[in-house]
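The values are calculated or read from the model by the stated rules, or taken from the named source; none is laboratory data. What you are looking at is a predicted structure, and each value in this text was computed from that prediction instead of being measured. Here the Cβ is made from the backbone with ideal geometry for all residues, glycine too, and neighbour counts use every protein chain on show.
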Amino acid sequence: MKCFYYFKDKSRSNKQISAPELNSLHVFTKSSYSSSALYRGISELYEEKARNLRAFSFTELKRATNDFGMLLKIGEGGFGSVYKGSIKPIEGNGDTLLVAIKKLNKDALQGHKQWLAEVQFLGVVEHPNLVKLIGYCASDDERGIQRLLVYEYMPNKSLESHLFDKAYDPLPWKTRLEIALGAAQGLAYLHEELEVQVIYRDFKSSNVLLDANLKPKLSDFGLAREGPAAGDTHVSTAVMGTYGYAAPDYVETGHLTAKSDVWSYGVVLYEILTGRHSFERNRPKMEQKLLEWIKQYPADIKRFGSIIDSRLEGQYSISGARKVAKLADSCLSKSAKDRPTMREVVERLKHIIQDYDEENTAEKNVEVLENGLVESEQKVNQSDSSVLWKKRMEHLEKLGENVESASRRRFMILQRINNVPL
């Protein structure tokens, strides 16, 4: 997927960095967003919570990944490569812990600034639908700059993999709704439940990771930014993100708000519905851009069902799909102020899931009733069969008696004939 970035960090230091000390490495400052003495930005919150992160040596992570062996490589992006690894508990005792280790390419476009943003933001946030950062490595020596991040391991890869990679079984309808809800809850937490608002800025299906139970967690906070301070309507910033997911108002003006994330969320909702990427060059020209293609099939028309992912094979709720499409349309409103908040998105999705569950329950009740009627009919039929069988046996018994009586009479007649004198 094509990305557009306007930052490349070329700075290098020859000294060893044992931890990302904020007095020398911080990116975000309180003065950048507010003059209030009560305001605490990501920097201040990080200083309070950073002790929860573990500082790894490069040698330790090299050993954990078998020297970053290709067999343990599980992903690659603008930042660099991601490896599966195993680390020892901090106390040194107990079972090893599976982790994902992201290693910065030395010529990566995102660079040190994005690495540091991930450390800061993921060092502060804590939510079931956000990936957990376990620790980091920052080492500058004769081998060059080394920047690594250590996350909890997510065995089911990403939502993107399950939607578009045919090697995976298609996600069931209910699972898609639950993943959409979990991702929305993660964004709602960032927007409304922290001391400082966080704008994710790079919401897309490849950044929604799935754990062993297919529970979604947002990852990759390299482009995240603090939201506008009280009294401000937006944050002015260079346009960064992924083609096909960035809100047009943000791309055109550089004005970043939480509603920029809402737009990106609407795109992913349509990916979940259709099983199509936001942009697919190998399709006919009129179908390459997902948002242009789906405009031909509004939720209220009969043909709407033709855009639903064919891999679902009809196993979904058409009424629920229409509601999801309408929710996605509201997220994709041209005017940012007309888009719902992520909290409102969460509530609407909960209702959609509840309606689906009730619909399923009603269908099951009808099925049970129908099965009961069939069983009753079968019992009646069985009963009728028993009556017929009984009557048949009685008839045969009577026939037998008649035959026996006739045979006896014939025997007696023959005896009389034999006893008549000649």
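If the condition is being more than 23 Å from Ile199 (Cα to Cα), of a type in the set (A, V, I, L, M, F, W, C) and buried (at least 16 other Cβ atoms within 10 Å of the Cβ), then segment 253-290 contributes Leu273, Phe279, Leu290. The residue that is surrounded by the most Cβ atoms within 10 Å (Cβ to Cβ), counting only those in segment 315-359 that are free of Cβ contacts under 8 Å to residues at least 24 places away in the same chain and within 16 Å of Thr274 (Cα to Cα), is Arg322. The one condition from (1) more than 20 Å from Glu142 (Cβ to Cβ); (2) at pLDDT 75 or above that Thr59 does not meet is (1). When Tyr189, Tyr151, Tyr168 are screened for being crowded, with 21+ Cβ neighbours inside 10 Å and outside any helix (DSSP H, G or I), only Tyr151 passes. Only one of Glu160, Glu178, Glu142, Glu126 is under 27 Å from Glu44 (Cβ atoms) and not aliphatic (A, V, I, L, M); which? When all the criteria are applied, what remains is Glu126.
One residue alone among Gly186, Gly254 is without any contact (Cβ under 8 Å) to a residue 60 or more places away in the chain and more than 24 Å from Tyr356 (Cβ to Cβ), and that residue is Gly254.
Considering Phe121, Phe164, the condition of being at pLDDT 90 or above and outside the structural domain of Ser43 (by TED's automatic domain parsing) is satisfied by Phe164 alone.
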